[in-house]
Structure formats: structure tokens, C-alpha cells
Amino acid sequence: MKKSHPSRLFNRELSWLFFNTRVLEEAENPDVPLLERVRFLSISAANLDEFYMVRVAGLRSQESAGVMEPGAAGMLPSEQLRKINRRAGKIVARQNECWSSLREELFEDRIRVLKMGDLSEVQSESLSKIFETEILPLLTPLSIDPTHPFPFLPNLGFGVALRLEAEDRDPLFAVLPVPLNVPRFIKIETSGKVSGYVAIEDVLRHFASSLFPDFNITETGAFRITRDSGIAVDERAEDLVQHFETLLKQRRRGRVIRLEIDQEMEHTLRDFLVQSFNCDEEMVSNAAMILGLRDVSSLISGGSKDLLFKPFTARFPERIREFDGDCLAAIAAKDILVHHPYEEFDVVIQFLQQAAADPDVVAIKQTLYRTSDNSPIVAALIDAAEAGKNVTALVELKARFDEASNMRWARDLERAGVQVVYGFVGFKTHAKVSLVIRRETTAAGHTLQTYTHLGTGNYHAQNARIYTDLALFTADPIIGEDVGKLFNFVTSYNEPRDLQKLSIAPLGLRGVLEEKIDQEIAHAKSGRPATIWAKMNALVDPIMIEKLYEASQAGVKVDLVVRGICCLRPGIEGLSENIRVKSIIGRFLEHSRIICFGNGHPMPSDQALVYISSADWMPRNLDRRIETLVPVESPTVHNQVLDQIMMANLLDNTNSWELRPTGKYIRVTAREERPRFSAHEYFMENPSLSGRGTALAESAPAPLEDENVPKTQIFRPKLVS
């Protein structure tokens, strides 16, 4: 396929910044509870930190190397960096305004971030005691001269710089690095139910004179650094774990790619820091009202629960309860799709725990891309190995920012007798797969039965409370056989042949997607209904975007739910007028990947082809990662994904934004002909189809079932006029 012309694509970095702006808008949204708005502000700041650590660092490396090859959207690295700085500056300005507003609202709700001048005499005395007993012992004040070099600060390191003067000697510079285990906001005594806090940089500035009693402090300023966090893996490394340990140490010392300083810092201090961190001027930012806004999330614990989202209790699938909690028996009877976070992640944990304890289970194979501290998944695999089962764990060391914990889990698993492999050096294993093999007795004799879990998310219990993901459990022997070939591929380089249902990247997943889009194009050209519905986190791949343009030009109706980066330009006459793109940003982080093809019938229909996947549509996922594309064939699960999940996402007009041809996102609003509908609220209130037991057979209609519209006449959702 021919290469995309730049005008046909949005720049991926700018598209990501627009996504982060949508996150920030939730912090500005008065309909969101106050402390949740603080959380969204923190998330937007943390997102921006990671963006600089990885994406901006990569572009700066390209610029330093003299790369003159424009990206897919036609911009050189230097041009992208200029536009990123402008857009990021606008985001920081809005974060400042948002924080100023939130601080006032927090004050009214008895959560008060105070300046030193705001403290009463009693509070000042209390803070002095806290400083002397809890902060001072951890501080290392440093005067900088030839015998006292500038200290090392880790990534996201924070500190206060000072200029010192004394009689009969030249001025000195000094640094007060903030220790990692000191709170960002120091809690102080207040009356009644008021929670009072003082920012650590204000505390250090106030007490700095006691740390340098022989000097006059003429200038002070807070600063914060962001380091390059990329890792370049050497494929020739003989010991991958040792190699990663070395790389992680190097990452802590990665070059500074962003220096943030407070708005009032004098030029002498600024120049001192720029020289000390070997920064270029374009890496310096003094736009933030308060540095390290990601840390404002620590204020949430000091507030009332009334200022948070109304709590809800995740459901446990009733169908499993009807089998007395026996996950394997319930799966053997019928496929189950668990929809996180609305249904408990404990289903996944119990599935593996029961397999570990079952004497008839002979083998367990598991991928681990991300998992949580004190992981019950890892504990179940260890129990299984110690019980004498054959256990294989495919641990992905290249899971960004989780490398250290994954290495720790790998060692624990190996000590228990688990066969640990690390996949391919050149490919991340991003697929989310568990395979349980059980020896069972049938009328025909003994047989090995497979039970498979295929997910769109991670094996991370905490993430599963926030991320919307899908977990398919099936006893389909063909799926089990295909998954076995997937594991053999990663453990032995033995490419799977004759896969019957599962598609795998980088071998054939892209081809299957293109083939299904081509089939929709053929339906459209033959005058039959032709529709594509897809949900993903990012749409970047130029080849897939061109294929969707081709489908649009043939008359295929395409509705996309893309949470984050989208490089496709929708709604352009002659190119993409049949494509709509929306993004959902709300209480939960949309993370599931779903692809649906009309298959010559109006959508939604029982004849539609439905898939779930671990892969976003990005070159790295389709060409450089181990990913899965899984057909959904069980009628109940098929209806759950298509009629319930995808339909609710398309109808949402509470948390949704529509992408316009210009690249601008417009918030979707309820209208008289379509009342307010929130996908998140719908899923919190209604049980999923495949998890229903017999007692729930009549509950939880699909979003449009009560509108008396025949299924074949359900209209394609019109998001905004």
C-alpha cells in the first residue's frame, strides 16, 4: 500500500497532547466531584511527565543525531519539538488555572494548602517540631564548590536552590534536595475537621537560614528535573536479567530533558541550574505555578468521602456462583466474558488459584506483562509449581516502568521451580493469556482439556479497579490448541502453523484485520450493509488508517472509539466522510480493544463478526509485539460485546468527545431527542450478559432494547449534529 501523504494524518505527539487536554478538562468539569477533579489534575500532570520522559526524549535524541527524515505526518523532529513546547505550555497554563480554582474550592471544603504567612503562631510552632524531628534528619544541605560537586538527583527529582553570601568570600550556590520519602505536602495541626498542608518547598525555604547560619540567603527557587527514561536493549546480551539491571541503573542517570523552575527564580539561580544539569535553554520551563502537580493526589486522603465518586461494588459473575464457585466447571459449561472493573478481577485470580490447587490440572502457562505488588497471580503460579505442576511463565522484562518488579517476580518464580522465559529480545510480549491444561475422564477415556483466559488488559489487581477491560474465559479446544502454539512460538521460536481461530501479531494479525476490512468494502460495493465498529486506545498505524480511508470511500460506515492518540482525520469529503471518531474520558480508563464487522448485515446483528484484542492499531503493536486477536463466537458473549458494550460506548453522551477534521475535539452533549446516557453508569448498574445466572435472566437490557426498535433497524448513532 502506498505511503500516506502527511496531510492525511494527524501528528501522533500533538494528538496525545490533545488527549491529555481532555483528561485535564475532567479536572475542570464541575459535574465531577471535587477530589476526583484533583485526581484528574494529578493524572494530567503525571501523563505529561511520562510524555517528556519517553516521547520528547526520543525526539531530542533524533534532533541531536541530525535526523532529517520527517515523521508520518510530515514534520521533522525539531519542528515537532517546537509545536510540542507550544502545546505543552498551553496545558501547563490551564493546569495553573485549574489548580488555583481547585485550591480555593478545597479551602472551602476544609482542605487547606497554606503558605507560611498564613500559619498561626501555634501552627508555626507545630511545623517547627515536624521539621526538626521528621525532615531535618533526612536532609543533606550542600554548598556547591570544587570539593562539593552538584549532587545527583534521580528522575523527577525535586529540590530548592539557594544563593549564599558572606563577608570576605565570594557568593556560593547551595542545593537542598528533597528526600524521596518526605511528603510533598506536610500536614500540620489545625482546629476541628480542617486538614492543613504546607508544600515541602515552602518549608525548606522557611527553615533554610537555620541550615546555613553563617550565610545570608539572597535568592531561593524550587526546581524539578525530568530525565530520559528510554532503554536501548542490546540483543547480544548473554544474560537478559543482568543486562536489564544495568540498563535500569543507567536510566536513573539518564540525561535531563526538562528542567522546571518556579516562576520567580532569579537569572543567577536559573543559569546555575542550567549549567549544573547541562541543559539547553529550550529544555527550561518556568510556566508552572506549583512544580510537581502530580503530587496533589496526596491531598485526596485528607478529604471527605462525599467529595469522591459514589462508591460501587464490583459484581462476581452469578453463573460461577451457580457452579458453587467452581470457575473451571462454569467455563466448561459456557464461555464467560468478565468486564472489568464492573466485575471482579477476583475471577481471574480464582481461576488460577483453583487450577493451582486442582490435582487434575497438570500444566499452567501464563504471560506476565504487568502485575501488582504482592501479586496473587504470581503467588498462584508459585503454589502450582510447588504442587508439582508444569508451570511456564512468560515474563516481559520490557514492560516500561515495570522492569524492576518484573525481574523480581521472575526470580521468585524461578526459585519455586517455574520455567521462566523472557520472550523475544526484539519483540515485547504484550498478549494477555493464561492456559490451564487439565486431565479429565470422559466416556471415551482420558483426555487433556484446555481452559483459556484471553484478556485485553493486564494481570494487575489494582489497575483492574480503574481500567475497563475484557477477560474471555473459554474451554474451546481449538482456542486452547492455538494458545498452546502461541506459547511454543515464544518459548522455542517455532512459528505456529495452521492457527484455526486465534490471530497473532506480528505474524498474521494485521493481515486478518485488512482482510475483514476488505470484506466490508466488498459488501459496500455490492450494495449490502457495510459497517465497522472498533474500540481501541490508539490509532496510529498509517497502513490501517489508509485501509479505513479506502473503506470510507467505498461507502463502509465506520464508528471508532479511540481513547487516546488518533492520527486518522475523520469527516473529510472524498476521504473519510463515512468515519466518525469519538473518545471517552471519565471515571474509568477505557482500555479494552474491540473490533466488529457487519458482515453484510445491519449493525448490531447476530451475523456480525466480533473480536477482542490485546493490540492497539500502532506499528509497534502490529509489527513488533506479540499480540492476540480473538474471535467472539459464543452467542451470549457475542451479544454482550456488540449489543451491550459497543452500543453503550457509541451512545454515551456524558463522557464523550468527537474528533473533528481539524483535529479539535468537541464534547458530546445530551439533546432532547437523546437524553443523557453514561456508559460507565450503565455498566455499574447492570450485570453483564454472560455473567448472568438463572435468577438474572430477565435483567440488564441492552442500551436500546427498551426503545421498541427492531434490532435490524437500530440506527447508527449520530454523535453530534
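Any read-out appearing in this document is the output of simple, stated calculations on the displayed coordinates, not a laboratory observation. Note that the coordinates shown come from a computational prediction; the quantities given were computed from them, not determined experimentally. Quick reminder, even Gly has a Cβ in these numbers, built from the backbone with ideal geometry, and neighbours come from all protein chains shown.
A compact table of results
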{"quantity": "Other-chain or far-sequence residues with amide H under 5 Å of GLU590's (modelled H)", "calculated": "THR468"}
{"quantity": "From phi via Karplus (6.51, -1.76, 1.60), per-residue ³J(HN,Hα) for the stretch 448-459 in Hz, x at Gly/Pro", "calculated": "9, 9, 9, 10, 10, 10, 10, x, 9, x, 10, 8"}
{"quantity": "J(HN,Hα) series, the stretch 216-226, from Karplus relation 6.51 cos²θ - 1.76 cosθ + 1.60, nearest Hz, glycine and proline x", "calculated": "9, 8, 9, 8, 9, x, 8, 8, 8, 10, 10"}
{"quantity": "For the stretch 436-441, Karplus couplings with θ = phi - 60° (6.51, -1.76, 1.60), whole Hz, Gly/Pro x", "calculated": "10, 10, 10, 7, 10, 10"}
{"quantity": "The chain - share of DSSP beta bridges that are antiparallel (%, nearest 5)", "calculated": "70"}
{"quantity": "5 angstrom amide H check on LEU114, placed H, neighbours 5+ away", "calculated": "TYR197, VAL198, ALA199"}
{"quantity": "Sequence of LEU172, LEU509 once ranked by neighbouring C-beta atoms within 10 Å, starting from the fewest", "calculated": "LEU172, LEU509"}
{"quantity": "For SER301, net neighbour charge (Lys/Arg +1, Asp/Glu -1) across residues whose Cβ lies under 13 Å away", "calculated": "+3"}
{"quantity": "Cα-based shape type of the stretch 6-307, given that a ≥ b ≥ c are square roots of the gyration tensor eigenvalues and the cut on a/c is 1.5", "calculated": "oblate"}
{"quantity": "Pairs beyond 19 Å (Cα-Cα), from LYS516/LYS582; LYS83/LYS547; LYS525/LYS557; LYS187/LYS310", "calculated": "LYS516/LYS582; LYS83/LYS547; LYS187/LYS310"}
{"quantity": "Neighbour-count ranking [beta-carbon atoms within 10 angstrom, fewest first] of GLU121, GLU520", "calculated": "GLU121, GLU520"}
{"quantity": "Extension gain, ALA443 back to GLU514 (0.36 nm per residue minus Cα-Cα distance, nm)", "calculated": "21.3 nm"}
{"quantity": "Normalised contact order of the chain, rounded percent, pairs of Cα under 8 Å and 6 or more residues apart", "calculated": "11"}
{"quantity": "Cα gyration tensor shape for the stretch 283-350, rounded if a/c is under 1.5, else prolate or oblate", "calculated": "prolate"}
{"quantity": "Sites MET116 and LYS83 - FRET efficiency at Förster radius 35 Å, r taken between beta-carbons, to 0.05", "calculated": "0.35"}
{"quantity": "ALA357-LYS305 pseudo-label distance in nm [points 7 Å out on the Cα-to-Cβ vector]", "calculated": "3.0"}
{"quantity": "For LEU539, distant residues with modelled amide H under 5 Å away", "calculated": "ILE565, CYS566, CYS567"}
